[in-house]
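Read-outs throughout are calculated quantities, based only on the coordinates presented, and are distinct from any laboratory measurement. For clarity, every value in this text was computed on a predicted model and none was experimentally measured. All Cβ positions, even for glycine, are placed from backbone atoms using ideal geometry, and neighbour counts span all protein chains on display.
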Amino acid sequence: MLLKTILFVGDHAQKYCELAISNENCSAQLLTYQRENIVTGEKAKVIFNQQELPFHTVYNMDGLCHDIVRLKDQLLIKCDILIGDPTELLFQAYVTELMESSELTILPIVFFLYPVGMNSLDTRREISALILKMKLNNMLTYVVRNPMDTFLEVMNEVNQLASFTSITQLESSIENLDYLFGHDAEILI
C-alpha cells in the first residue's frame, strides 16, 4: 500500500486532520494561521505541525503569498493530497504558491472541503479566480460535500489505492464527492 502525504491547510481543515492522523497509511500535516492578538501583543504566525513560524505581512492574498514564499523551506511544499476550504485566504495563497513553484513536477490532488457559513458568499470572486488558475494548471480537484461523513469515506478509499492513477475510481463510488476538473493532469497520464 502507498503511503500518502496529506497536507491540511486552514482552520476548517484542522478537525479533519485530527481524523487522518489516526490512520497509519498516511502522513498528515497541518498548516494554520493565527492572527495577531492586539490585547496581548502577540504577533501573527503560521503553525505548521505545531511549529510556530512568524508571519511579517498583513492577512491578505499578497501578504500570505509573500510569507509562504519566504518560509517555503520550512513548509511542506511537496504533498500527494491537499485538503482545505477554498474560502480561506491561507488555502488560496498556498495553492497559488504551489502552482508557481518551479520545484514541483506534479501538483497534488486537491480536495475542497465544502465551504461553511456566510464567508463563502463573500469570497465568490476569489474562489472563482482560484478555480480558474487551478483549472489552467490541470490540478486534479474534487469537492467534498457533507464533509465529515464523506471525508471519512474518501480517506478510507484513498488509503486503499495502490497508486494515484486509480483515483478516478473514487468519483463514481463515493456519494457527495464531486469531480471539478483536472483529469488531464500529469499524474493520470
Inset, instruction - Could you work out how far apart the two model spin labels at residue 19 and residue 181 are, taking each label as a point 7 Å from the Cα in the direction of the beta carbon, and quote it in nm? - result: 2.7
Legend entry - Eligible lysines near residue 78 by straight Cα distance, threshold 22 Å, same-chain separation 8 or greater: 4, 15, 45, 133, 135
Inset, instruction - Starting from the amide H of residue 30, placed 1.01 Å from N in the peptide plane, find each other amide H under 5 Å away whose residue is 5 or more places distant or on another chain. - result: 8, 49
Inset, instruction - With springs only between Cα atoms under 10 Å apart, run a GNM on the chain and tell me which of 159, 37, 60 wobbles the most. - result: 37
Legend entry - Karplus-derived 3J(HN,Hα), 6.51/-1.76/1.60, for each residue of region 54-70, Hz, glycine and proline x: x, 10, 9, 10, 6, 7, 8, 4, 4, x, 5, 4, 4, 6, 5, 5, 4
Inset, instruction - Compute the Rg to Rh ratio over the chain from the alpha carbon atoms, using the Kirkwood formula for Rh, and round to two decimal places. - result: 0.95
Legend entry - residue 145 versus residue 160: modelled label distance in nm, points set 7 Å from Cα along the beta carbon direction: 2.2
Inset, instruction - Within the set of other residues whose C-beta is less than 10 Å from the C-beta of residue 46, count the net charge using Lys and Arg as +1 and Asp and Glu as -1. - result: -1
Inset, instruction - Would you pull out the residues with amide H under 5 Å of residue 140's amide H, same chain only if 5 or more places away, H placed 1.01 Å from N? - result: 110
Inset, instruction - Taking the Cβ of residue 12 as the centre, find all other residues whose Cβ is under 10 Å away and add up their charges (Lys, Arg: +1; Asp, Glu: -1). - result: -2
Inset, instruction - Choose one answer from 14, 29, 74: the residue with the largest mean-square fluctuation in a GNM of the chain with alpha-carbon springs under 10 Å. - result: 74
Inset, instruction - Output ³J(HN,Hα) for region 29-44: one whole-Hz value per residue in order, computed from phi by the Karplus curve 6.51 cos²θ - 1.76 cosθ + 1.60 with θ = phi - 60°, and x for Gly and Pro. - result: 10, 10, 10, 10, 10, 10, 5, 5, 10, 6, 6, 8, x, 6, 7, 5
Inset, instruction - Treat each spin label as a single point 7 Å out from the Cα along the C-beta direction, and report the residue 172 to residue 100 distance in nm. - result: 4.0
Inset, instruction - Rounding to the nearest 20 debye, state how big the charge dipole of region 4-188 is about its Cα centre with +1 on each Lys and Arg Cβ and -1 on each Asp and Glu Cβ. - result: 300
Legend entry - Relative contact order %, region 4-188, counting alpha carbon pairs below 8 Å whose residues are six or more apart: 18
Legend entry - Farthest toward positive dipole pole in the chain [+1 Lys/Arg, -1 Asp/Glu at C-beta], among 91, 113, 37: 37
Inset, instruction - Using only the Cα atoms of region 4-111, build the gyration tensor, take square roots of its eigenvalues as a ≥ b ≥ c, and label the shape rounded, prolate or oblate: rounded if a/c is under 1.5, else prolate if a/b is larger than b/c, else oblate. - result: oblate
